[in-house]
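Have a look at the structure below before the remarks.
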Amino acid sequence: MVPDNRTAICPGTFDPVTNGHLDVIARSSKMYDLVIVGVVNLPWRKGSTVFSTEERVGFLRGATKSFPNVEIEPFSNLLVDFARERGAMAIVKGLRAISDFEYELEMNQLNRRQDPEIESVYLMASAKYSFLSSSGIKELATFGGDIEDLVPAEVASALKERLSR
Ligand code: PNS
């Protein structure tokens, strides 16, 4: 596909999507004509996510239905290959803390080496979501913590059903 600098990929595992992810997706949708949310789909790692790819994609579709320029798509190849296939010239990710920076710096170098034409763009997390992670949410849900304001309602009830003890 011909690369288009108005198309961006927002990639992630999204197990599950949080309001922090949605904040980054919403802000990206104002910067690009088309935002494709790429959901990591690694079936051979079965059991390593709480939710299946179909469930994670479904939660994201439900939570982004009011954004006309956002599409949700699973991918199981290299991120830069997926971006190239979709004609995207940018990968957009959120950054919360120094720990994210170290990981993302490494990913950036790897991705850039594979395809220097695809640029990665980082959005600083909004302050109210700077502590929020999918793994933290799963831990809270396991022990009956309050997650209602941190994830979409559909995700909160699915997590409670699957994880609560
Ligand atoms: O932190 P996440 O949500 O698990 O991030 C997933 C992803 C794909 C954004 C991150 O692992 C990354 O940037 N990977 C680059 C290497 C790659 O292409 N991996 C294949 C994933 S199918």
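Points worth noting:
- Unique residue being farther than 16 Å from Gly12 by Cβ and either in a loop (DSSP other than H, G, I, E, B) or among the small types (Gly, Ala, Ser) (or both) when the list is Glu102, Glu117: Glu117
- Odd one out for Phe82, checked against (1) buried (at least 18 other Cβ atoms within 10 Å of the Cβ); (2) over 15 Å from the mean Cα position of the chain (by Cα); (3) aromatic (Phe, Trp, Tyr): (2)
- Evaluating Asp33 against the criteria (1) in contact with an Asp or Glu (Cβ under 9 Å, 6 or more places away or on another chain); (2) within 16 Å of the ligand (Cβ to nearest atom); (3) farther than 25 Å from Phe131 by Cβ leaves one unmet condition, (2).
- Single residue of Ser99, Ser120 found to be more than 30 Å from Arg162 (Cα to Cα) and either within 14 Å of the ligand (Cβ to nearest atom) or not polar (S, T, N, Q) (or both): Ser120
- For the condition more than 22 Å from Leu123 (Cβ to Cβ), modelled with pLDDT of 95 or more, surrounded by fewer than 17 Cβ atoms within 10 Å (Cβ to Cβ) and out of contact with any Phe, Trp or Tyr (no Cβ under 7 Å at 6 or more places or on another chain), Glu73 does not qualify.
- Residue satisfying all of: in the range 44-68; farther than 25 Å from Ser164 by Cα and more than 15 Å from the chain's Cα centre (by Cα); surrounded by the most Cβ atoms within 10 Å (Cβ to Cβ) among these: Phe67
- Only listed residue being in contact with a Lys or Arg (Cβ under 8 Å, 6 or more places away or on another chain) and either closer than 18 Å to His21 by Cβ or touching a residue at least 60 places away in the same chain (Cβ under 8 Å) (or both), chosen from Ser99, Ser130, Ser135, Ser126: Ser130
- Per the listing Gly144, Gly136, the residue uniquely surrounded by fewer than 16 Cβ atoms within 10 Å (Cβ to Cβ), among the small types (Gly, Ala, Ser) and assigned to a loop (DSSP other than H, G, I, E, B) is Gly144.
- Asp15, sole failed condition from (1) farther than 22 Å from Ser126 by Cβ; (2) within 10 Å of the ligand (Cβ to nearest atom); (3) at pLDDT 95 or above: (1)
The values are calculated or read from the model by the stated rules, or taken from the named source; none is laboratory data. This structure is a prediction, so every number in the text was calculated from the model and none was measured. Here Cβ is always computed from backbone atoms with ideal geometry, including for glycine, and neighbour counts include all displayed protein chains.
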